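What follows is calculated from the coordinates using simple rules that are stated; it is not laboratory data. Please read all numbers here as calculations on a predicted model, not as lab measurements. Glycine also receives a Cβ, built like all others from the backbone with ideal geometry; neighbour counts cover every protein chain displayed.
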């Protein structure tokens, strides 16, 4: 069964079409990556899946429930780490966790057990008293992740979680995500970094609100290596995605002609 389904998602912002019939599905217990440049529609797709914006067309489902009508059942099954700040900068690490626990109405014992575990696996325990605005970029992202996981969601959505993060923290974030997926969680994240595709179970290339390419990273690379578009003996996701983007631009130009 799929944990996430995007069915022909369409969304306009004035004259700009941010999502243009975007469709993909994420099976339970997988890590799925939406890869694309700025303005590709990644953030809009995540906001639609989280129920933060209404769609002009299509349907979004999370944990088998329609996001538009699922109400609290959908919200309880979701954890969200947005691209922009989601924490209270004047609160400490521990205070931010306590605040989000109250939003989720966690019993005190559950909060103590879960916050202790999350502080441990994110290595934030020594900094529990530090204000959020005094954390490094990587520590801030890990705190946002911990706050989103307090209520043990089935599905975790992350919008460009590694942007602005140093290489060491970036590696630690990916290790955490794989640990959560190994425990049964479904994770969907967006990234502009094409080299992160190989870290996902499945990956989708998004361009101008449309799906250009989707599949298992290894299979996608193998297919590309055998194609005329590959001019290298050692193909990479960067060359694969750039070749597909160039093809999409050529197809659009022919269609406009």
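If neighbour count is taken as other Cβ atoms inside 10 Å, put 67, 165 in order from fewest to most.
165, 67
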Roughly what % of DSSP beta bridges within the chain run antiparallel, to the nearest 5?
55 percent
Principal-axis tilt of helix 167-182 within the chain, Cα atoms, nearest 10 degrees
90 degrees
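What percent do you get for the relative contact order of region 89-173 when only Cα pairs under 8 Å and 6+ apart count?
Computed value for region 89-173: 38 percent relative contact order.
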Angle in degrees between helix 137-149 and the longest Cα principal axis of the chain, rounded to the nearest 10
80 degrees
Give the order of 113, 5 when sorted by the count of other beta carbons within 10 angstrom, beginning with the fewest.
113, 5
Just subtract the alpha-carbon distance of residue 91 and residue 112 from 0.36 nm times their residue separation and send over the number in nm, one decimal.
5.8 nm
Looking at region 130-254, what % of its DSSP beta bridges pair antiparallel, to the nearest 5?
50 percent
Please tell me the relative contact order of the chain in percent, rounded to the nearest whole number, where contacts are Cα pairs under 8 Å and at least six residues apart.
26 percent
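Sort 121, 4 by Cβ crowding within 10 Å, fewest neighbours at the top.
Sorted ascending by nearby Cβ count, the order is 121, 4.
So what is the relative contact order of region 158-257, in percent, for Cα pairs below 8 Å that sit 6 or more residues apart?
Reported as a whole number, the value is 20 percent.
What FRET efficiency comes out for the pair residue 1/residue 163, r = Cβ-Cβ distance, R0 = 45 Å, nearest 0.05?
Computed FRET efficiency for residue 1 and residue 163: 0.90.
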Evaluate the distance, in nm, between pseudo-label points positioned 7 Å from the Cα of residue 131 and of residue 103 along their respective Cα→Cβ axes.
2.0 nm
Please give the Cα centre distance for region 75-154 versus region 1-72, rounded to the nearest Å.
25 Å
Hey, what angle do you get for helix 108-121 against the long axis of the chain, alpha-carbon based, 0 to 90 degrees rounded to 10?
60 degrees
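Can you give the FRET efficiency to the nearest 0.05 for residue 25 and residue 222, using r as the Cβ-Cβ distance and R₀ = 35 Å? Please list the in-between numbers first.
Numbers: r = 22 Å, r/R0 = 0.62.
Approximately 0.95, to the nearest 0.05.
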What label, among [x] 19.2; [y] 20.9; [z] 25.3, belongs to Kirkwood radius over Cα pairs in Å computed from the structure on display?
[x]
Simple spin-label model, 7 Å along Cα-to-Cβ: residue 249 to residue 182 in nm?
4.1 nm
